[in-house]
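In what follows, a single structure is set out as structure tokens and then discussed.
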Amino acid sequence: MRDPEPCRMNHTEEQTELTEEYKENEEMPEEEEKYHVKTGEKPLDHFQTKQKDLKQIRDKKSFTCPQCGESLTNEQSLQIHMRVHAGEKLFTCDQCGNFFLWASALKSHLRVHSKEKPHSCPICGNSFSLLNNLKAHQKIHTGVRDHMCFECEKTFITAGHLKWHERIHTGEKPYKCSHCDKRFSQTGDLKTHERIHTRERPYMCNQCGMSFKLKAQLKVHMGVHTGEKPFTCDQCGTSFAQSAKLKRHMRIHTGEKLHECDQCGKTFLWDSGLRSHLNAHLKEKPHSCSLCGKRFSHLQNLKQHQKRHMAIKEYMCFECEKTFFSFPELKQHKRIHTGEKPYKCSQCDKRFSHSETLKRHEKIHTGEKPYTCDHCGKTFRHEDQLKMHIRVHTGEKPYHCTACEKSFARSSSLHKHTKKNHSK
């Protein structure tokens, strides 16, 4: 019988050899070795190395959007991100039917219906639905703008505002209209655009029921009911409901005439003035009065003219109860009561209540005399002066005295005659 001990001994020696060989030849798994703290290495150095290597691993495993090139850390994030390009809106508001890309966006939106604004600013008292919105708002008071664009160095209060701004430089327009091929850099612009296709007008006036595409349009409209005119001219004090109307009005004071006739070079303050003037070149007057035969370039002018035949004066001054055929006539009349003179001469300090009076006055400075008599060649600044002058040649005396039937070429002459001879 064999002695079992040598066998046991051999086996033990063999095990020892194998164990030592494994210790000498064993290599740590690549990932494990990276994060193994080696002898003599400081823990801080190890932490920095670990962070750097983790970043490299994330970069290797990143998922890149084929549409805009943005990199995301996992496939799920990429799938969620792709909704931006696809326009896929999975979350629906059960109150108004609006769709949202994200559940968080729907949650925020629902506070619009509940009117819940639990977060209040301690400085100005403004309330917000979301804590993040309050924090962003508070930066307005502190002046903190810690997000900077590296292209133009412009700074922003929030990362969201910076992201929107950066699309100016990149040209990125991730939001595509579901009805046409137009693309937009911001969801708000897309939403507004899509109302062209859907004809949606979500903003309704609670006074008259009129609806609008934009909240800003409703705000402007409400001025009709409230009478609020927050935009005031610093030259003459006239107030307007809209900033655009104030801007147009300011041209009266600056004399800025942006609209030029390509036929004669004459310039106009308003586009409407140029359009009316162009008809003078075309001599086109398609609208005719059925009562007197007078013709007009615009249908609106004909309608206004016909009111004179019917003696309809629907515009009344509340100061003196005088009535007028048109609103512009009433507006001009009101300046008698207010003393308003919005038209200032560009050559001197004189001011006028009517634009036509200003035009007449300015010819004194320019020396312009555009009206010429065909009989003698004499020139005049104003058309009415030429008409009166022509009566010298024709002998016409259209002004008749009702008391003695004497006739005069001028109304002023008739007035003097009546005062001298027939007044008691």
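The values are calculated or read from the model by the stated rules, or taken from the named source; none is laboratory data. For clarity, every value in this text was computed on a predicted model and none was experimentally measured. When we count neighbours, we look across all protein chains shown, and the Cβ atoms used for this are built from the backbone with ideal geometry, even at glycine.
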Please work out which one of (1) closer than 18 Å to LEU190 by Cα; (2) in a helix (DSSP H, G or I); (3) free of Cβ contacts under 8 Å to residues at least 40 places away in the same chain is the condition HIS85 fails and give its number.
(3)
Report every pair of residues separated by at least 6 positions or lying on different chains whose Cβ atoms are under 9 Å apart, first residue within the stretch 235-264 and surrounded by 11 or more Cβ atoms within 10 Å (Cβ to Cβ), second among the basic types (Lys, Arg) and assigned to a strand (DSSP E or B).
GLN235/LYS344; CYS236/LYS344; CYS236/ARG351; ILE252/LYS344; HIS253/LYS344; GLY255/LYS344
Give the stretch 329-385 a look and list any residue that's small (Gly, Ala, Ser) and touching a helix residue (DSSP H, G or I) at 6+ places or on another chain (Cβ under 8 Å), or say none.
SER346, SER353, SER355
Does LYS416 satisfy the condition of being closer than 30 Å to TYR315 by Cβ, at pLDDT 85 or above and part of a helix (DSSP H, G or I)?
no
Enumeration of residues in the stretch 148-165 that are aliphatic (A, V, I, L, M) and modelled with pLDDT of 85 or more:
MET148, LEU162
Which members of the stretch 294-341 meet the condition of being within 24 Å of SER353 (Cα to Cα) and hydrophobic (A, V, I, L, M, F, W, C)?
MET316, CYS317, PHE318, CYS320, PHE324, PHE325, PHE327, LEU330, ILE336
Which ones in the stretch 210-227 are in a loop (DSSP other than H, G, I, E, B) and either surrounded by 11 or more Cβ atoms within 10 Å (Cβ to Cβ) or in contact with a Ser or Thr (Cβ under 8 Å, 6 or more places away or on another chain) (or both)?
MET210, LYS213, LEU214
Looking at the stretch 94-146, which of its residues are of a type in the set (Ser, Thr, Tyr) and assigned to a helix (DSSP H, G or I)?
SER104, SER108, SER114, THR142
Just give me the residues in the stretch 93-105 being under 22 Å from HIS161 (Cα atoms) and under 27 Å from the mean Cα position of the chain (by Cα), in sequence order.
PHE100, LEU101, ALA105
Failed criterion for GLU356 (all others in (1) of a type in the set (Asp, Glu); (2) under 36 Å from the mean Cα position of the chain (by Cα); (3) outside any helix (DSSP H, G or I) hold)
(3)
Please list, ordered by first then second residue, the pairs with beta carbon atoms under 8 Å, 6 or more apart or interchain, first in the stretch 306-322 and farther than 22 Å from PHE296 by Cα, second among the aliphatic types (A, V, I, L, M) and surrounded by 12 or more Cβ atoms within 10 Å (Cβ to Cβ).
TYR315/LEU330; MET316/LEU330; CYS317/LEU330; LYS322/MET316
Taking the conditions exactly as written (of a type in the set (Ser, Thr, Tyr) and touching a residue at least 12 places away in the same chain (Cβ under 8 Å)), does SER346 satisfy them or not?
yes
